[in-house]
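Asker: Below you will find the structure I want to go over with you.
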Amino acid sequence: MKVGFIGLGNMGSGMAANLLRAGHEMTVFNRTPEKLRPLTDLGARRADTVADACTGEVVITMLADDSALRRVTLGEDGIVDKLRRGATHVSMSTVSVELVRDLAQAHDQAGQKFLAAPVFGRPEMAAAAKLFIVVAGAPAAVRTCQPLFDALGQRTFPFGKEPVAASLVKLAGNFMLAACIESLGEALSLVGKGGIDPAMFVDLLTSTLFPAPAYRTYGTLIAESKFQPAGFAAPLGHKDVRLLLAASESLRVPMPIGSLLNDRFLRLLAQGGESLDWSAISQLAAADAGLPRIGRS
């Protein structure tokens with residue numbers, strides 16, 4: 001399949017490489033050109049503009065936030081302007097429900113197809129083609145793009161015809177991950193202050209009550225105080241919580257834990273945590289308990 005890929009950050013670079021390895025014809029664009037080299041070495045064609053990446057059957061975007069995706073898609077010479085009629089834009093970022101609704105409408109008016117297909121998984125899962133993909137949009141477009149999803153992840157979960165559904169599911173999932181991090185931070189602060197090795201406690205949890213990837217991954221990061229380099233940076237975690245709260249307000253769903261998480265991220269960022277992994281909010285519980293940190297560095 002002839003595919004354009006826009007956005008080669010921590011996640012996008014591994015995803016684009018997997019599409020190349022699967023035999024797809026790739027054109028790649030990134031605002032920072034030096035990130036293109038590893039992919040052009042694998043056989044990708046370099047795009048100098050967004051328009052250059054929109055010449056195929058599908059263009060995939062993996063961009064950091066609403067502002068970047070809105071600019072690339074709806075701006076002058078953006079995807080809506082340059083993608084041919086009948087082609088498909090697949091947005092794989094975590095963005096707002098409102099923006100997904102706007103993009104779906106704009107593509108429909110232009111005679112194009114649009115899928116929201118955000119992913120669950122950290123950069124190491126993206127590189128290993130082990131992502132979980134949540135997709136919503138026209139079933140025919142989902143079927144057309146399924147070979148791409150198969151090259152990127154271990155399972156695809158369809159959530160109906162309306163792209164906004166995938167966005168809402170992704171925000172809800174990320175909320176639960178952040179809540180997991182907060183609860184781990186509080187529990188590990190408790191046992192740590194009581195003289196118990198946090199790593200041993202994490203081993204117990206993940207071997208018995210919570211044998212889930214999220215608890216294994218984040219419990220280990222917290223117990224070992226490994227917050228750099230960031231797999232998912234704290235400002236992005238804060239962004240997702242804010243998008244969650246906006247969606248919950250729109251639907252009139254109180255989410256008090258979401259409000260707590262918003263305050264946690266604000267505090268972490270106010271104290272200079274921009275470069276840390278979002279799991280570093282766990283250390284705020286340690287500070288509240290009078291501990292220098294959870295675990296060991």
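The values are calculated or read from the model by the stated rules, or taken from the named source; none is laboratory data. Note that this is a predicted model, so its numbers are computed, not measured. Don't worry about glycine lacking a Cβ; one is built from the backbone with ideal geometry, like all the others, and counts go over all protein chains shown.
Asker: Only one of these is buried (at least 16 other Cβ atoms within 10 Å of the Cβ), in the same structural domain as GLY23 (by TED's automatic domain parsing) and touching a Lys or Arg at 6+ places or on another chain (Cβ under 9 Å): THR156, THR144. Name it.
Answerer: THR144
Asker: In this structure, does LEU69 turn out to be of a type in the set (A, V, I, L, M, F, W, C), more than 20 Å from ALA106 (Cβ to Cβ) and assigned by TED's automatic domain parsing to the domain that holds CYS145?
Answerer: Answer is no for this residue.
Asker: Moving to a separate point now. Give the number of residues within region 194-223 that are of a type in the set (A, V, I, L, M) and without any contact (Cβ under 8 Å) to a residue 40 or more places away in the chain.
Answerer: Residues in region 194-223 being of a type in the set (A, V, I, L, M) and without any contact (Cβ under 8 Å) to a residue 40 or more places away in the chain: 8 in total.
Asker: For the condition closer than 23 Å to ASP150 by Cα, in contact with a helix residue (DSSP H, G or I) (Cβ under 6 Å, 6 or more places away or on another chain), in the same structural domain as MET125 (by TED's automatic domain parsing) and free of Cβ contacts under 8 Å to residues at least 60 places away in the same chain, what is the one hit in LEU42, LEU83, LEU19?
Answerer: LEU42
Asker: Shifting gears a bit: Can you say whether ALA126 is in a helix (DSSP H, G or I), buried (at least 23 other Cβ atoms within 10 Å of the Cβ) and assigned by TED's automatic domain parsing to the domain that holds ALA230, as far as the supplied structure shows?
Answerer: Values: in a helix (DSSP H, G or I): yes; buried (at least 23 other Cβ atoms within 10 Å of the Cβ): yes; assigned by TED's automatic domain parsing to the domain that holds ALA230: no.
The answer is no for ALA126.
Asker: Which number in (1) at positive phi; (2) in contact (Cβ under 8 Å) with a residue 60 or more places away in the chain; (3) not charged (D, E, K, R) marks the one condition that GLY160 misses?
Answerer: All conditions pass for GLY160, except number (2).
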